[in-house]
Structures are given as structure tokens and as C-alpha cells.
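A short write-up of the structure that comes next.
The values are calculated or read from the model by the stated rules, or taken from the named source; none is laboratory data. This is a predicted model, so every value here is computed, not measured. As a convention, Cβ positions derive from the backbone with ideal geometry for all residues, glycine included, and neighbour counts pool all protein chains shown. The protein model used for the area step is the full one, side chains on, heavy atoms only, and it has no ligands, DNA or RNA in it. Shrake-Rupley method; radii C 1.70, N 1.55, O 1.52, S 1.80 Å.
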Amino acid sequence: MSWGFENDPEVQEELDWVEEFVRTEVEPIDQVIEHAWNPRDPVRNALIRPLQQKVRDRKLWACHLGPELGGPGYGQLRLALLNEKLGRTHSGPVVFGCQAPDSGNAEILAHYGTDHLKKTYLEPLVEGDIVSCFSMTEPHGGSDPTGFRTTARLDGDEWVINGEKWFSSHALFAEFLIVMAVTEPDAAAHRSMSMFVVPAATPGIERVRDVSVWGHDEPVGTHQYLRYTDVRVPAENLLGERGQAFAVAQTRLGGGRIHHAMRTVGLVQSAFEMMKRRAVSRTTKGERLADKQLVQEMIADSWIQIEQFRLLVLRTAWRIDRYNDYRRVRADISAVKAAMPKILADVAGRAIQIHGSLGISKELPFGKWVMESFHMGLADGATEVHKVNLAQFLLRGTEPDDGLFPPYILPTRRAESRERFAEVLAAAADDGGEVRA
């Protein structure tokens, strides 16, 4: 049996380099670029591309990918340790080539794309030359695909797509979109949809509006409301088989959810660090904030939550590596996804409280992080849905009890035990020992 909580020396050395690199080289970039995902921004390219080369030189580029796709094939556990370091920054995932949604879209293309699609889109995506978009959510159906209305019909050797998609993040910058649409309207809901690669320049794609979210100070919103009107793509742009969009989606969503959780560990650790520094730096009524019991409670509660969440994330990553099957770890991933928004809201909220008016100002990121917690609670499936899925999994196989009272009530258990050990109790009584009634 092998079990431990320490990294191998060479892994720890690598993580130490990443932490220093992120703090000194990546975090300052966050203050001067508008959006790390925009490859058309000359300032972004001038600052990020040299750092990407340094990451490549260290053989840390695209660590979520296997060697056959240009990555080192870290596995999820080691990737979790890396993502903790990147999660405290906006640009970190892009600098290391493991940003969403491109990381998940790359996995889909690797598993289901034709040779042409891999050459045209996967290779430049893995190299970091282009970015992509996952166009799934719809304005009337939210993230529940069983209510989607966007359709794709086969017309000769082309698919014709019609419908509307909401919150298609980074469509503004993307070279291609992966679109989910109904192709088998008469089939059961989970077998009715298919997935397609749609080049961003295809005629018929309309940006209805660019949507912004609270906490993100962007000149142009990067979550697009799109309308597809007779959008034609080659038949070979189908990903997987007809009606298998749900199976294709799980290729990216399972990994995407755990990767978000990995980065959230780093984000809450950053908030925690600032919380502690403020507590030991400021005084009120003759005492440091750190000496106030309510502040101490905030510090203690935050540390406990962070460590509990981090261990859950690492264990889930370990299980993914062990089984190499997201379906076997669906319950763990749902648990991580459900816990993620709460820990960010709780820790960032306490950080605001300890920093006072400075905490609610735009001179610190805590307000943005509180809003981000709500974003996390919606992206890749609502928290409530994941809790329901987790509960259903945990209840599976649990047998109901017959009778008026459950068999585990203490009077019943006590009677069973007295019957089992009757001879011992009787012998003790014969010897004059005290036996309780």
C-alpha cells in the first residue's frame, strides 16, 4: 500500500519554480492586458508569448495533454498541484497552455475529430496560436440540453444549423466554435443531439450582442449571444456519431469541472493570504485584528474549508488517474463542483469583512471573486443539479427498512447484543458481577 501527502523532490522543485514564475512574471501582466484569451491584442501577445516560450522550455506547456498531443501527460493529480499555482491569476492558464474552454475542446477534437479537423484546428489550438468557443447553452433552456431548440439537418454533404446560443464565451476571439444541436428530434432527449465544428467565419453566424458579467471590467463583453441562420458546415465536421453529443460533451465537461476546482484552490488561497496579512497589520481599540476572537474564527474557518476542499479536489484527481474514466468518478466531480462556489464566496466574503471598506472597493479583487462564485455555480451545470446527481448516486443501492421503527434504534440494538452475549452476561451474574438491566 502506498499513501502519502508529500511530493517527490523533483515535483516540488518544479512547483516551486511555477509559484515564483507566476508571482513575479505572470501576475504583473494581469494588471495591463484586457483579456488573456485575445490573440489579436498586440500588447497581450508581446507580454504573454515570451512567457509561453519559457513554459515550453521548462516542458510545462499544455500539461493536461498526453505526449501524443504535444503535452507531458501529467495526469490529473499532478495537474491539480500545478493548477493551484495558476488559479490565482487571470493569465496563468493561457501562459501555460491549459485554459478553458480550449483545453476541453482540444480533448474533444483529439477523441472525435477527423484528420482534417485535427490538422486545421487541433494543432494550432494546442500550440496556442488560436482560441476556441464551446457554444452549448441556449437562452430559453439554460444549460439543460434536453430543452435545446437549435437544430442541424443534413442537406447533401453539408449540415445546416439554425438556432440561438447564449453565453458562448470567447466567441469574440475564436477561430472555431463547437456547437451542440438537435439532429434526431424523434429520439430520446439524451440521444437527440450531435456536436459540430463550426468555423467562426462561416456565413450565417450573427453576434446578437456581447454580454458582460459583473466583476469583469471589459470594454466589450466576451460572452456572446449568437444566432445561427442556415449556417452550413461540411458533413465531416460532425464530432462523434449522430445523436452522441452527450457522450462527446462528457469528454470535456468532466475534465473542465475538475480543472476549474483546481484553479479555485489557488484563488481562495490567495484571498486567505491577504486576509491573514490584513489581520496582523491593522489595529483597532488597541489590538491587532488578529487578536480579535471573531477575526480568529474567520481565519480558522477559512483554513479548514480550504484544506477540506483541496483534499477533495486532490482525491478526485487521483481517482480520475486511477480509473481513467470520468464516468466512474462522476459523483466525486459533482461533489467538487457543488463545493466550489461556496468556498470562494465564503473565503472572499470574510476577506472583504476583514479589509473593511477597502475590501468592497475596486482596489482589491474580492468583490469580483464573490461574483465569480455565482458564475462558478452556473457554469458547467448548476450547483443544485450536481447536488441532486450526487444525492441520487449516494442513495443508489440503499435498501429501505421495513417495520414501524428502523432496526438501528438503540433499544433494538441493545436487545440484539444482550441476546448475542447472553451466556457471558449470565455467567457474570452467577459470579456475582453487576449486570445492568
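Quick notes on this structure:
- For N83: the one exception among (1) open to solvent by 30 Å² or more (accessible area, probe 1.4 Å); (2) at negative phi: (1)
- Filter pass, V280 being more than 23 Å from F366 (Cα to Cα) and in contact with a strand residue (DSSP E or B) (Cβ under 7 Å, 6 or more places away or on another chain): no
- Among the residues of the stretch 206-228, the one identified as in contact with a Pro (Cβ under 9 Å, 6 or more places away or on another chain) and modelled with pLDDT of 95 or more is Y225.
- Checklist (1) in contact (Cβ under 8 Å) with a residue 60 or more places away in the chain; (2) in contact with an Asp or Glu (Cβ under 8 Å, 6 or more places away or on another chain) applied to M136, failing item: (2)
- Within the stretch 285-314, if we keep just the residues that are among the aliphatic types (A, V, I, L, M) and without any contact (Cβ under 8 Å) to a residue 24 or more places away in the chain, the residue that is most open to solvent (accessible area, probe 1.4 Å) turns out to be L294.
- Scanning the stretch 2-20 for residues that are assigned to a loop (DSSP other than H, G, I, E, B) and surrounded by 12 or more Cβ atoms within 10 Å (Cβ to Cβ) yields one hit, N7.
- Within the stretch 52-73, considering residues that are open to solvent by 30 Å² or more (accessible area, probe 1.4 Å) and not in a helix (DSSP H, G or I), the one farthest from E6 (Cα to Cα): G70
- Within the set S212, S194, S168, the sole residue that is in contact with a Gly (Cβ under 8 Å, 6 or more places away or on another chain), open to solvent by less than 20 Å² (accessible area, probe 1.4 Å) and free of Cβ contacts under 8 Å to residues at least 60 places away in the same chain turns out to be S194.
- Residue count for the stretch 222-233 under the criterion of being open to solvent by less than 60 Å² (accessible area, probe 1.4 Å) and in a strand (DSSP E or B): the result is 7.
- Helices (runs of 4 or more DSSP H) within the stretch 338-404 that include 3 or more residues open to solvent by less than 40 Å² (accessible area, probe 1.4 Å), out of contact with any strand residue (DSSP E or B) (no Cβ under 7 Å at 6 or more places or on another chain) and at pLDDT 95 or above: 366-376
- Selection within the stretch 21-51: residues that are of a type in the set (K, R) and part of a helix (DSSP H, G or I). The member of this set that is farthest from F173 (Cα to Cα) is R23.
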